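Structure first, then comments.
Throughout, read-outs are computed from the coordinates displayed, never taken from laboratory work. No experiment lies behind these values; they were computed from the predicted model shown. Using ideal geometry, Cβ is built from the backbone for each residue, glycine included, and neighbour counts are taken over all protein chains shown.
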Amino acid sequence: MIETLVTGEAFAPDAEVARFVAARGADCGAAVTFAGYCRGASKNGEVTQLELEHYPGFTEKEIERLACLIAAKHNISDVLVIHRFGAIAPGEPIVLVAALSAHRAAAFAAVEELMDYLKTDAPFWKRETGPDGACWIEPTAEDRRRREEHSK
Amino acid sequence: MIETLVTGEAFAPDAEVARFVAARGADCGAAVTFAGYCRGASKNGEVTQLELEHYPGFTEKEIERLACLIAAKHNISDVLVIHRFGAIAPGEPIVLVAALSAHRAAAFAAVEELMDYLKTDAPFWKRETGPDGACWIEPTAEDRRRREEHSK
Amino acid sequence: MMRILFFGRLRDAAGGRERLVALPDDVGTVADLRDWLARNDAALGSAISARGVHVVVDQVICNKDAQDVRAAAEIAFLPPLSGG
Amino acid sequence: MMRILFFGRLRDAAGGRERLVALPDDVGTVADLRDWLARNDAALGSAISARGVHVVVDQVICNKDAQDVRAAAEIAFLPPLSGG
């Protein structure tokens with residue numbers, strides 16, 4: 001199952017993964033998950049809040065499109081994506097990606113590649129607030145390089 | 001923290017991951033997990049039971065050594081490995097690997113590489129039982145190729 | 001009436017996320033719309049013309065300067081995306 | 001007395017996981033031990049000499065034919081490992 005959720009509410013990655021993995025088929029030999037958390041500090045210093053803006057309707061559609069693209073590319077049927085928007089406190093989860101497959105290589109590739117796509121292609125805009133005010137965060141050169149590798 | 005456990009008891013990957021991730025520091029931005037399950041079928045047909053033999057004392061020491069090696073190589077401080085031995089029914093978890101890091105690349109690399117090492121270097125011996133009897137399973141050519149890539 | 005949306009730092013540049021506008025008759029394409037917005041606000045015009053800005057027409061990524069926008073209900077300007 | 005352990009398919013070849021033995025005086029090294037085991041059981045001798053079999057002396061991987069085993073308490077023969 002391809003399952004995607006764009007939500008303004010906090011979520012618990014372990015509970016979501018437990019639910020998603022419980023529905024696995026007898027052929028499932030591998031479950032890979034990635035959870036991304038809001039860090040308490042960035043290269044700009046202490047972070048007191050992260051705000052993720054999204055484009056209602058469009059963001060949901062794009063996340064669904066990316067999840068389906070990656071599932072098809074790696075020939076796997078079970079992919080989960082949950083992505084927060086709104087105000088996020090340090091330590092809170094931002095994103096969860098999970099993939100199930102018969103063997104581990106496809107699940108690893110799918111989760112890692114989907115994260116690379118989300119970093120540069122998911123319609124969110126991030127603003128970090130710290131002691132010196134707020135600033136918008138854009139993908140790093142490293143994010144772009146990783147994403148480009150998949151287009152080849 | 002480097003935490004390893006070799007156990008004859010069934011375990012719940014989601015509960016173990018929840019516990020492990022809950023102790024993360026403020027700098028943690030990424031949690032990657034891999035759970036490996038006993039499949040109900042293999043290339044030899046239906047599997048009714050998997051048995052993992054281990055070498056008490058030595059297996060624990062080797063798993064600990066591999067976890068520390070990978071943590072040092074990727075400069076991350078939090079790695080979890082749980083590995084079952086004994087009789088395992090289809091659908092039950094066999095292995096869990098998790099890694100935490102500031103950024104995602106190191107956690108992905110650590111979990112994937114540790115799994116590659118476990119497939120060829122962890123002291124376990126697997127016997128699959130199916131309708132036609134039991135047979136010992138050894139690492140595949142693909143397992144060996146993946147492992148060799150890390151020695152370069 | 002057309003809804004024009006600005007996200008991320010373009011929202012700051014536009015002074016708000018949303019504008020409801022009636023397009024003048026000489027605005028027919030994405031390029032015309034950009035020029036028209038720049039006429040009243042040069043800083044905004046330059047921000048929405050920057051490299052990496054996507055144009056979305058009625059929730060479909062477009063990015064073609066020649067795209068006809070006269071029948072569109074909603075046009076969004078997106079600065080570089082950063083999920084995950 | 002020395003404990004000799006056989007794992008995986010070597011356990012099947014040896015007919016059991018563990019043997020308690022008193023080594024004869026002419027068995028001094030890993031290579032000697034392999035030869036001595038083969039003397040009584042050619043099939044086992046060939047199984048423990050196969051490519052990919054590891055020798056562990058007192059819980060430390062050894063794999064050196066010339067390793068002295070006279071003081072060892074436990075020697076294990078491991079067929080190719082397969083965790084995960």
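For chain A, the longest principal axis of the Cα atoms and the long axis of helix A:104-121 meet at an angle of about 30 degrees.
Among the GluC sites (Glu not before Pro) in segment A:1-106, those placed in a DSSP loop whose Cβ has at most 11 other Cβ atoms within 10 Å are A:GLU9. Annotation: amide H-H contacts under 5 Å for C:GLN67 (H modelled 1.01 Å from N, sequence separation of 5 or more, or interchain): C:VAL30, C:ALA31. With the charge dipole of chain A set up from +1 on Lys and Arg Cβ and -1 on Asp and Glu Cβ about the Cα centre, the Cα lying farthest toward the positive end among the listed residues A:ALA41, A:LEU100, A:HIS54 is that of A:LEU100. For chain C, taking the reciprocal of the average inverse distance between every pair of different Cα atoms yields a Kirkwood hydrodynamic radius of 12.7 Å.
Only sites in a loop by DSSP and with at most 12 other Cβ atoms within 10 Å count here; which trypsin sites (Lys or Arg not before Pro) in segment A:17-46 make the cut?
Sparse-neighbourhood loop trypsin sites (Lys or Arg not before Pro): A:LYS43.
Here's how it looks for A:GLU92: its modeled amide H is under 5 Å from those of A:CYS38, which are all 5 or more places away or on a different chain.
Between A:ALA26, A:ALA122, A:ALA105, the residue with the greatest mean-square fluctuation in the GNM of chain A (Cα pairs under 10 Å linked by springs) is A:ALA26.
A simple spin-label model places the labels of B:HIS103 and A:HIS103 3.1 nm from each other, with each point 7 Å out along Cα-to-Cβ. Across bins of 10 angstrom width beginning at 0, how are the C-alpha pair distances of the protein assembly as shown distributed, in whole percent? Once binned at 10 Å, the Cα pair distances of the protein assembly as shown give 4, 18, 24, 19, 14, 10, 6, 3, 2, 1, 0.
Along the charge dipole of chain A, which of A:VAL111, A:ALA87, A:TRP125 sits closest to the positive end, that is, farthest toward it, with unit charges on the beta carbon of Lys, Arg, Asp and Glu (+1, +1, -1, -1)? The listed residue farthest towards the positive side: A:VAL111.
Pop the C-beta distance of C:ASP58 and B:ASN75 into the FRET formula with R0 = 51 Å and round what comes out to the nearest 0.05.
With R0 = 51 Å, the Cβ-Cβ based efficiency is 0.60.
Looking at chain D alone, DSSP beta bridges between its own residues are antiparallel in about 75 percent of cases. Given their separation in residues at 0.36 nm each and the Cα-Cα distance between them, A:CYS68 and A:GLU9 gain 18.9 nm when the chain is fully extended.
Each part gets one Cα centre, and for segment C:48-65 versus segment A:1-43 those centres are 31 Å apart. Report, in degrees rounded to the nearest 10, the 0 to 90 angle that the Cα long axis of helix B:13-22 makes with the longest principal axis of chain B. The answer is roughly 10 degrees.
Report the residues of segment C:6-29 in range of a label on C:ALA42: point 7 Å along Cα→C-beta, backbone N strictly under 19 Å from it. The answer is C:13-15, whose backbone nitrogens lie closer than 19 Å to the label point.
Between A:ALA87 and B:ARG144, what is the spin-label point distance in nm, taking each point 7 Å from the Cα along the Cα→C-beta axis? It is 5.9 nm.
Roughly how tilted is helix C:30-40, in degrees to the nearest 10 and between 0 and 90, from the longest Cα axis of chain C? The helix C:30-40 is inclined about 80 degrees to chain C. What percentage of all Cα-Cα pairs in chain A are separated by more than 23 Å? Result: 37 percent of Cα pairs exceed 23 Å. Inter-part distance, segment D:8-39 to segment A:90-112, computed on C-alpha centroids, equals 46 Å.
Helix content alone sets the calculated 222 nm mean residue ellipticity of the protein assembly as shown: runs of n ≥ 4 DSSP H residues at -39500 (n - 2.57) each, divided across all residues, give -10000 deg cm²/dmol. Bridges between two residues of the protein assembly as shown, per DSSP, are antiparallel at a rate of about 80%.
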